[in-house]
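Asks: Quick one: the structure is below, questions incoming.
Each value in this text was obtained by applying a stated rule to the coordinates, not by laboratory testing. Owing to the predicted nature of the structure, the values given are computational and were not obtained by experimental measurement. Cβ coordinates were reconstructed from backbone atoms using ideal geometry, including for glycine residues, and neighbour counts include every protein chain displayed.
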Amino acid sequence: MVLLTALIRVLHARFHSPVDIVTSGAWSEPLLRGQPGVGDIWSVRSRKTPYWLSADQRGVVRRLIERGAGPTWFCDGSDAARPLLARAGILEDLIVDVKDHPLLPGEHATEQWRRLAQIMPAAIAEPRGGDAHAAELAALTPGCHLEVNDRQRTDLEAWLRARGLAGAPLILIQIGNKRTMRQGLRRLAVNNKYWPNERWTEVLRHVRRQYPEHAMVLLGTGPEYALNQEVMALADIARLYNAADDLPIPRLVALLARAAGLITVDSGPAHAAAAVGCPLVVLFGKALPSLYRPWGTAGADVKVLCGQIAGAPDMLGIESRSVIAAWSGLKLRAMPMP
């Protein structure tokens, strides 16, 4: 959903109208609510539940009917949600489907969304003022973009004061990912973003020596709290904080916008960091950096690391010294003025 901000920005510029969004992601609504160009957000918990058993699917269809059919961009690789559009009276010639416009060779995901946003459904004429719109679109900086509002900043400052971090320069670390604690096992075949605790410990100790005045905050969601505690016990360094128990999405985005830098596995927070201009080192596993490298409009410094095991892409092939070297060369952000 962070990557899709590239599409939302272009659509908003083309139509000069808010972009309404239907999503099944639990964190899409708190991430995108109030962002520039975003209109209403409607969520379905599951796209695969039979329609007559899903109150949220029926609710979304009802709202789409009330809204009225219009140009629609379908950004899901699965067709599971397409029947909802048909039930809402959104016909095929009103839809631009990402599956009809696959990635070009070497194209980044944000470039694909930007390109998709410039394709008009067959039934819709190009908005008036074509030359002016073309100039406006050309002026949009490529990449992902998120804004932090005053409410988020106020909430963050109160949260930092409560944790004894007010006024401190911050370095953030994202160790886990959504698969980290699945079924209680970290090295499942599905978890290709696992990086050993011992290597994280080496990196944390180096960062502490390099930046003795900075507070270091471990990010994550509730299930990752215990993992963070394990790494903290191994590292045994001062001013290392575990925030995985209390980081709703709006606060996380504000924290990323406030931090000097981030070290992370390939993850949602990595993309959100780039979208708010936070410099970062990101460790990749099997995903393609050419497709999913964090790319934000603010142009923050992003250093990507990849490893191999037996000739195949594998995060376990990344050594601690490589992360330390990349971090040491990262252009950190200065502490923001109060």
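Asks: If we count other beta carbons within 10 Å of each Cβ, what is the order of Trp113, Trp159, fewest first? Present the calculation step by step, with values, prior to reporting the outcome.
Replies: Numbers: Trp113 22, Trp159 17.
Ascending number of Cβ neighbours within 10 Å: Trp159, Trp113.
Asks: I've got another one for you. Once you have a ≥ b ≥ c as the square roots of the Cα gyration tensor eigenvalues for segment 1-63, tell me rounded if a/c is under 1.5, and otherwise prolate or oblate according to whether a/b is larger than b/c.
Replies: On the way: a/c = 2.68, a/b = 1.95, b/c = 1.37.
Prolate shape, in that a/c is at least 1.5 and a/b is the bigger ratio.
Asks: What ranking of Cys278, Cys144, Cys306 emerges when the number of other C-beta atoms within 10 Å of each C-beta is taken as an exposure proxy, fewest first? Please list the in-between numbers first.
Replies: Numbers: Cys278 30, Cys144 25, Cys306 19.
If I rank by nearby Cβ atoms, fewest first, I get Cys306, Cys144, Cys278.
Asks: Next question, about the same structure. Report the net charge of residues surrounding Val10, where surrounding means a beta-carbon distance below 13 angstrom and charges are Lys +1, Arg +1, Asp -1, Glu -1.
Replies: Details: positive: Arg9, Arg14, Arg114, Arg115; negative: Glu111, Glu136.
Once positives and negatives cancel, what remains is +2.
Asks: Moving on to the next point. Within 10 Å, count the other beta carbons around each residue, average over each peptide in 238-245, 208-215, and list them highest first. Mind showing how you got there, number by number?
Replies: Numbers: 238-245: 16.5, 208-215: 14.0.
Ranking, from highest mean packing down: 238-245, 208-215.
Asks: So what is the diffusion coefficient of segment 207-338 in µm² per second by Stokes-Einstein at 10 °C and 1.306 mPa s, using a Kirkwood Rh over Cα pairs? Could the numbers behind the result be given before it?
Replies: Working: Rh = 15.6 Å.
D, rounded to a whole number, is 102 µm²/s.
Asks: In deg cm²/dmol, rounded to 500, what helix-only [θ] at 222 nm does the chain give when every DSSP H run of at least 4 residues adds -39500 (n - 2.57) and the total is split over its residues? Please list the in-between numbers first.
Replies: Numbers: 13 runs with 123 residues, N = 338.
After summing the helix terms and dividing by residue count, I get -10500 deg cm²/dmol.
Asks: Here's something else I'd like to know. Going toward the positive end of the dipole of the chain, with +1 on Lys and Arg Cβ and -1 on Asp and Glu Cβ, which of Pro269, Gly143, Thr5 do you reach last?
Replies: Of the options given, the answer is Pro269.
Asks: Could you work out the local net charge near Val281, counting Lys and Arg as +1, Asp and Glu as -1, over the other residues with Cβ closer than 10 Å to its Cβ?
Replies: 0
Asks: Could you tell me which residue out of Trp73, Pro50, Pro36 lies farthest along the dipole of segment 17-74 toward its positive end? Charges go on the beta carbon: Lys and Arg +1, Asp and Glu -1, centred on the Cα centre.
Replies: Farthest along the dipole direction, towards plus: Pro50.
Asks: Also: Debye sum, Cα scatterers, segment 5-139, no solvent: what log₁₀ I/I(0) at q = 0.12, 0.14, 0.17, 0.19 1/Å?
Replies: For segment 5-139, the Cα-only Debye profile gives -0.49, -0.68, -1.01, -1.25.
Asks: Which listed residue (Leu218, Ala168, Ala287) has the Cα farthest towards the positive end of the charge dipole for segment 150-328, taking +1 on Lys and Arg C-beta and -1 on Asp and Glu C-beta about the Cα centre?
Replies: Ala287
Asks: Please list 216-227, 54-65 highest first by mean number of surrounding beta-carbon atoms within 10 Å per residue. Walk me through the numbers on the way to the answer.
Replies: Details: 216-227: 20.0, 54-65: 16.8.
With the highest mean Cβ count within 10 Å placed first, the list reads 216-227, 54-65.
Asks: Between Ala135, Ala168, Ala325, where does the largest GNM mean-square fluctuation fall for the chain, given springs only between Cα atoms within less than 10 Å?
Replies: Sorting by GNM fluctuation, first place goes to Ala135.
Asks: Something else: Which order, highest average first, do 146-156, 257-267 follow once you tally other Cβ atoms within 10 Å for each residue and take the mean per peptide? Mind dumping the intermediate values first?
Replies: Values: 146-156: 15.0, 257-267: 23.8.
Going from most to least packed, we get 257-267, 146-156.
Asks: Please give me the summed charge of the neighbours of Gly299: other residues whose Cβ is under 12 Å from its Cβ, Lys and Arg +1, Asp and Glu -1. Don't jump to the answer; show the numbers that get you there.
Replies: Working: positive: Lys331, Arg333; negative: Asp301.
Charge balance in the 12 Å sphere: +1.
Asks: Any chance you could get the radius of gyration and Dmax over the Cα atoms of the chain, in Å?
Replies: Spelled out, the Cα radius of gyration and Dmax of the chain are 21.2, 62 Å.
Asks: May I ask you to sort Asp97, Asp20 by Cβ crowding, counting other Cβ atoms within 10 Å and putting the fewest first?
Replies: Going from sparsest to densest Cβ surroundings: Asp20, Asp97.
Asks: Still on this structure, please answer the following. Could you size up the charge dipole of the chain around its Cα centre, putting +1 on the beta carbon of Lys and Arg and -1 on that of Asp and Glu, and report it in debye to the nearest 20? It would help to have the intermediate numbers written out before the result.
Replies: Working: 39 positive and 32 negative charges, 125 e Å.
With Lys and Arg at +1 and Asp and Glu at -1, about 600 debye.
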